[in-house]
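The values are calculated or read from the model by the stated rules, or taken from the named source; none is laboratory data. On a predicted model such as this, the values are computed, not experimentally measured, just so you know. Every residue, glycine among them, receives a Cβ derived from its backbone with ideal geometry; neighbour counts consider all protein chains shown.
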Amino acid sequence: MITLPEPVRLRGGDLATVGLEGLRGRPLRAVLSALGIAIGVAAMVGLVGISTVSKAGLIAEIEDLGTSMLTVTPGTSLVGKNSHLPAGAESRVSRIPGVTGVSAVGLVPDASVRRTDRISTATTSGLAVQAARTNLLVPLGGTVRTGAFLNEATSRYPSVVLGSVAAERLGIDRPGEHVYIAGRWFMVIGILDALKLSPDLDRSALIGWSYATRLGFDGYITALYERSTDESVHSVNAVLANTVNPEHPDEMEVSRPSDVLTAEAAANRAFNALFFGLGAVALLAGGVGIANIMVISVLERRQEIGLRRSLGATRGQIRLQFLTESVSLSALGGAAGVIFGLVICLGYAGYRGWPLVLPGQAIAGGALAAIAIGAVAGLYPARRAARLTPTEALATT
């Protein structure tokens, strides 16, 4: 009896050479096939990376601004009437242990700010006129972009400090220009940087507390800002409403502005699942494209398959050849997608001035998903190629 020699096993290097031969022979087709996988992985890494960078930026802002500022605003009474902060609220709050700064603003009713007196009073661009204490920036942690803030001297005269959004809408970028408020000309003495903890002030024109009384300001506080030490913020929060209005503390609304930024950071985490889903859909479409290309490749290379089978290649080796080609094609697309996604993250982080935090889960998930999809997509074409007998394959013209 004749004993047939055992088939030679393919080493790893030989398997890679044979598997990549189809990619080298048709480079344009390989690039177009891997493009779908690259787009899917880039979408996953890029979108999740932007979300991760945004979250890191928000956390950095929270750490920089601090979480120890509280805001008190008037609510409504039991009968539905608007409440007011009682007189002396600022001095009472300043005596709470742990409080390091207190300031306030008050809305000036029926006052609008316009660029010139030629503009209709109905045109306000959504800008409010508010009376401000001279120490307003202390609890807010705000800074002046250009010019100076109100002081004891300028607050007694028609001087105004514009929030960042207000200055942009009025087309003013430097001090020394004038705006028209409540029938009077005011000189712009300063423009503020954006106030992350009080964005409503970004859209406001701030004037001196004493001068605001000439425009009909009633002296009521519309927002009180309190800054305390990190260790005492919770104890201050517990007594703040009772201190501001001992008779009706239930009519006072106390909030911590940094909670908004914290909630925004948490919302970014919730969107990660959506971004993963979008990337998965694109990956699925890319996998279908690779499966289609591999089926066509099997049909075009039937004679090659038959020749290798007649020279002793086993079904398993043919199967591994086409499976390697499919996985390599998908892996190359995944690598390109990861690189492109990271470039998007780097560019976005640099543009916003935020720290670059690599989305590790997205990178690992995208790369593994690309390899897995390549294996699944190539499974059927590989099995189909392995089922061909040498006579069937070589008989194809």
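Brief remarks follow.
This table checks each residue for (1) part of a loop (DSSP other than H, G, I, E, B); (2) in contact with a Lys or Arg (Cβ under 9 Å, 6 or more places away or on another chain); (3) hydrophobic (A, V, I, L, M, F, W, C).
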site: ILE191; (1), (2), (3): no, yes, yes
site: SER210; (1), (2), (3): no, yes, no
site: ARG227; (1), (2), (3): no, no, no
site: VAL236; (1), (2), (3): no, no, yes
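- Some residue of the stretch 161-179 being touching a residue at least 60 places away in the same chain (Cβ under 8 Å), touching a Ser or Thr at 6+ places or on another chain (Cβ under 9 Å) and part of a strand (DSSP E or B): yes
- TRP185 over 30 Å from LEU240 (Cβ atoms) and touching a residue at least 12 places away in the same chain (Cβ under 8 Å): yes
- Selected residue (only one of THR324, THR262 is out of contact with any Lys or Arg (no Cβ under 6 Å at 6 or more places or on another chain), modelled with pLDDT of 70 or more and either assigned to a helix (DSSP H, G or I) or not aromatic (Phe, Trp, Tyr) (or both)): THR324
- Residue count for the stretch 76-100, restricted to those that are modelled with pLDDT under 85, surrounded by 15 or more Cβ atoms within 10 Å (Cβ to Cβ) and on the phi > 0 side of the Ramachandran plot: 0
- GLY190 closer than 18 Å to SER155 by Cβ, surrounded by 15 or more Cβ atoms within 10 Å (Cβ to Cβ) and either out of contact with any Cys (no Cβ under 9 Å at 6 or more places or on another chain) or of a type outside the set (Val, Ile, Thr) (or both): yes
- Subset of the stretch 347-364 that is closer than 13 Å to ALA42 by Cα and modelled with pLDDT of 75 or more - its residue that is nearest to the chain's Cα centre (by Cα): ILE363
- Picking from residues in the stretch 211-228 that are farther than 17 Å from PRO109 by Cβ and modelled with pLDDT of 90 or more, the one that is surrounded by the fewest Cβ atoms within 10 Å (Cβ to Cβ) is LEU224.
- Condition broken by SER103, with the remaining ones in (1) among the small types (Gly, Ala, Ser); (2) modelled with pLDDT of 90 or more; (3) over 33 Å from the mean Cα position of the chain (by Cα) satisfied: (3)
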